[in-house]
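The values are calculated or read from the model by the stated rules, or taken from the named source; none is laboratory data. Since this is a predicted model, take the numbers as computed values, not measurements. Here the Cβ positions follow ideal geometry from the backbone for every residue, glycine too, while neighbour counts run over all protein chains shown. With ligands, DNA and RNA removed, areas are computed over all heavy atoms of the protein, side chains included. Shrake-Rupley method; radii C 1.70, N 1.55, O 1.52, S 1.80 Å.
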Amino acid sequence: MSDFSEELKRPTTEDEQGEPCVRSGSGMCFPWLQKHIESIASGGKQEKDFAQTTSACLSFIQEALLKHQWQRAAEYMHSYLQVLEDTDSNKRQGAPEIIWRLGSEILYYHPKSNLETFNTFADRMKNIGVTNYLKISLQHALYLLHHGLLEDANRILTQAETWRYGEKSSSQEVLVNLVQAYKGLLQYYSWYKKKMELSQLDKDDYAYNTASQNMLNRSWKTSINLCTLIKIPGVWDPFVKSYIEMLEFYGDQDGAREVLNNYAYDEKFPSNPNAHVYLYNFLKREKAPREKLISVLKILYQIVPSHKLMLEFHRLLRKSDKEEHHKLGLEVLFGILDFAGCTKNITAWKYLAKYLKQTLMGSRLAWVQEEWNSRKSWWPSFHFSYFWAKSNWKDDKTLACEKALVAGLLLGKGCKYFRYISKQDHQVLKKKMKQMKKSVKKYSIVNSGL
């Protein structure tokens, strides 16, 4: 490895024997890091202006990272460390976080790096600039979790949880809550494993009661760690999901409902599609009335019209007794197929083909025209071109037939897509094609009289 990494691995020379050296568990040496740590700790300043050098190094490092040139980035990183001695106090104060972000990225991906090196780097960087302690601890814990080291991650989070430094601690209250919440997630994981073990035991068994009490103790600790964070405006999906699962397991449906309602509807929280998904799934498990389910999915539809739950939303609207819901059901299907990622969604096309025909049979031409007017300038080339007709027929003949019916109803029998599909000879789909042609002839919105 280069200066930043090779120097970490090489043994100390005779000249360095007496020089203090930070070592990792793998024997990698950090003489340069010790030097800079001591310089900062002692408040030493160098008058030399490093501005041009550090600025150039930073640019080279960023370029190397973008190109995944980890060795090159490490070489420049070694020079960039001098920013810790910059005479500009603003640059010097912001340097530790930049060094941590760059250094951790390099050590994470460099082929010759290892766990011990990363741990040593993280531990040292926590002590350079106290305001970064919690951020680095949290990222350090996530790194350990990525490597499956749950106990080590929990130890790091426990240490960070008790971190205090004068007035600085109050300004980092959210970070403290986040650290506690991640610790809560680890406790949830332990709770979940106990839950799985419990499901294998006989309820009359003594072991069941012991395991059940164990779970209760764990859930209490977890609830404390998770509850504080999810009250703060933000996007806390994994924490909310874990907390709700525990509340439901212990039968606190009211508590779970309150948490989910606040998460979805509190105006202080940012718009979050998942908040409405969690609430919908909870209400569905509770067998809530259809109207309630529709009201939740209606908001989700406004945020993400192409969400996979929109097909379920359409089914709910179709079963409703209200005409406005039936009209919305048509709008939802058109909305789904507006998105490129849904162009081959055969369920959406099946629903649209069937519902479009039903709507026209029910003399609701105005509904169809309202949706089609804003799309007739771009849907033909987006969905119903000759190219797509050939491609869809080759890949999925059932999909092609459903699309052909929609194309025919909206554009008439002269549509390129409809003409190509209707001329294909396929014994299995012969009856379906015949019905398709009849429907287009009778109900297409371009027919005279409609």
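A quick yes/no check of all residues on (1) farther than 23 Å from residue 161 by Cβ; (2) modelled with pLDDT under 95; (3) open to solvent by less than 60 Å² (accessible area, probe 1.4 Å); (4) not basic (Lys, Arg):
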residue	(1), (2), (3), (4)
106	yes, yes, yes, yes
111	yes, yes, no, yes
120	no, yes, yes, yes
127	no, yes, no, yes
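Which residues, taken from the stretch 148-189, are touching a Lys or Arg at 6+ places or on another chain (Cβ under 6 Å) and modelled with pLDDT under 90? Steps first, please.
Quick first cut of the stretch 148-189, residues touching a Lys or Arg at 6+ places or on another chain (Cβ under 6 Å) only: 157, 187.
Result: 187, single match.
Go through (1) more than 27 Å from residue 181 (Cβ to Cβ); (2) touching an Asp or Glu at 6+ places or on another chain (Cβ under 9 Å); (3) open to solvent by 50 Å² or more (accessible area, probe 1.4 Å) and name the single condition residue 65 misses.
The number of the failed condition is (3).
In the stretch 243-264, what residues are in a helix (DSSP H, G or I), over 20 Å from the mean Cα position of the chain (by Cα) and not charged (D, E, K, R)?
Result: 246, 247, 249, 253, 255, 256, 259, 261, 262.
If residue 366 passes every condition in (1) within 18 Å of residue 311 (Cβ to Cβ); (2) without any contact (Cβ under 8 Å) to a residue 12 or more places away in the chain; (3) among the aliphatic types (A, V, I, L, M) but one, which one does it miss?
In the conditions (1) within 18 Å of residue 311 (Cβ to Cβ); (2) without any contact (Cβ under 8 Å) to a residue 12 or more places away in the chain; (3) among the aliphatic types (A, V, I, L, M), residue 366 misses (1) alone.
When you look at residue 131, is it touching a Lys or Arg at 6+ places or on another chain (Cβ under 9 Å), polar (S, T, N, Q), modelled with pLDDT of 90 or more and open to solvent by 20 Å² or more (accessible area, probe 1.4 Å), yes or no?
Numbers: touching a Lys or Arg at 6+ places or on another chain (Cβ under 9 Å): yes; polar (S, T, N, Q): yes; modelled with pLDDT of 90 or more: no; open to solvent by 20 Å² or more (accessible area, probe 1.4 Å): yes.
Judged against the criteria, residue 131 is not a match.
Return yes when residue 332 is at pLDDT 95 or above and either more than 26 Å from residue 309 (Cβ to Cβ) or hydrophobic (A, V, I, L, M, F, W, C) (or both) and no when it is not.
Working: at pLDDT 95 or above: yes; either more than 26 Å from residue 309 (Cβ to Cβ) or hydrophobic (A, V, I, L, M, F, W, C) (or both): yes.
Yes; evaluated as a whole, the condition is true for this residue.
When you go through 336, 346 one by one, which is the residue that is farther than 26 Å from residue 259 by Cα and in contact with a Cys (Cβ under 6 Å, 6 or more places away or on another chain)? Outline the logic, then answer.
On the way: 346 fails: in contact with a Cys (Cβ under 6 Å, 6 or more places away or on another chain).
Matching residue, one of 336, 346: 336.
Quick one: in the stretch 290-345, which of the residues that are outside any helix (DSSP H, G or I), open to solvent by less than 30 Å² (accessible area, probe 1.4 Å) and not aliphatic (A, V, I, L, M) is farthest from residue 264 (Cα to Cα)? Give the derivation first.
We begin by selecting, within the stretch 290-345, every residue outside any helix (DSSP H, G or I); these are 304-309, 320-322, 337-339, 343-345.
Among the residues that remain, those that are also open to solvent by less than 30 Å² (accessible area, probe 1.4 Å) are: 309, 320, 337, 343.
Those left that are additionally not aliphatic (A, V, I, L, M): 320, 343.
Numbers: 320: 24, 343: 30 Å.
That would be 343.
Are any of the residues in the stretch 343-352 of a type outside the set (Phe, Trp, Tyr), closer than 18 Å to residue 444 by Cα, out of contact with any Gly (no Cβ under 7 Å at 6 or more places or on another chain) and at pLDDT 95 or above? Full working, then the answer.
Pass one, the stretch 343-352, residues of a type outside the set (Phe, Trp, Tyr): 343-348, 350, 352.
When the remaining residues are screened for being closer than 18 Å to residue 444 by Cα, the result is 350, 352.
In the following step, the residues that additionally are out of contact with any Gly (no Cβ under 7 Å at 6 or more places or on another chain) were identified as 350, 352.
In the following step, the residues that additionally are at pLDDT 95 or above were identified as 350, 352.
Checked against the condition, which is being of a type outside the set (Phe, Trp, Tyr), closer than 18 Å to residue 444 by Cα, out of contact with any Gly (no Cβ under 7 Å at 6 or more places or on another chain) and at pLDDT 95 or above, the stretch 343-352 yields at least one hit.
Name the single residue that is nearest to residue 281 (Cα to Cα) among those in the stretch 227-242 being open to solvent by less than 50 Å² (accessible area, probe 1.4 Å) and in a loop (DSSP other than H, G, I, E, B).
In the first step, residues of the stretch 227-242 are kept if they are open to solvent by less than 50 Å² (accessible area, probe 1.4 Å); the result is 227, 229-230, 232, 234, 236-237, 239-240, 242.
Going one step further and asking which of them are in a loop (DSSP other than H, G, I, E, B), we end up with 232, 234, 236.
Numbers: 232: 23, 234: 21, 236: 17 Å.
Among them, the one singled out is 236.
If you check residue 80 against the conditions, is it open to solvent by less than 20 Å² (accessible area, probe 1.4 Å), part of a helix (DSSP H, G or I) and among the hydroxyl-bearing types (Ser, Thr, Tyr)? Steps first, answer last, please.
Values: open to solvent by less than 20 Å² (accessible area, probe 1.4 Å): yes; part of a helix (DSSP H, G or I): yes; among the hydroxyl-bearing types (Ser, Thr, Tyr): yes.
Yes: the conditions hold for residue 80.
Can you tell me which residue among 377, 385, 391 is open to solvent by 90 Å² or more (accessible area, probe 1.4 Å), small (Gly, Ala, Ser) and under 42 Å from the mean Cα position of the chain (by Cα)?
Numbers: 385 fails: open to solvent by 90 Å² or more (accessible area, probe 1.4 Å); 391 fails: open to solvent by 90 Å² or more (accessible area, probe 1.4 Å).
The match here is 377.
Are there any pairs with C-beta distances below 6 angstrom linking a residue in the stretch 258-277 that is open to solvent by less than 20 Å² (accessible area, probe 1.4 Å) to a residue that is aromatic (Phe, Trp, Tyr), with the two at least 6 apart or on different chains, and if so which?
260/278; 260/282; 275/263
Within the stretch 398-450, track down each residue that is of a type in the set (Asp, Glu) and buried (at least 16 other Cβ atoms within 10 Å of the Cβ).
Within the stretch 398-450, the subset of a type in the set (Asp, Glu) is 402, 425.
Passing the criteria: only 402.
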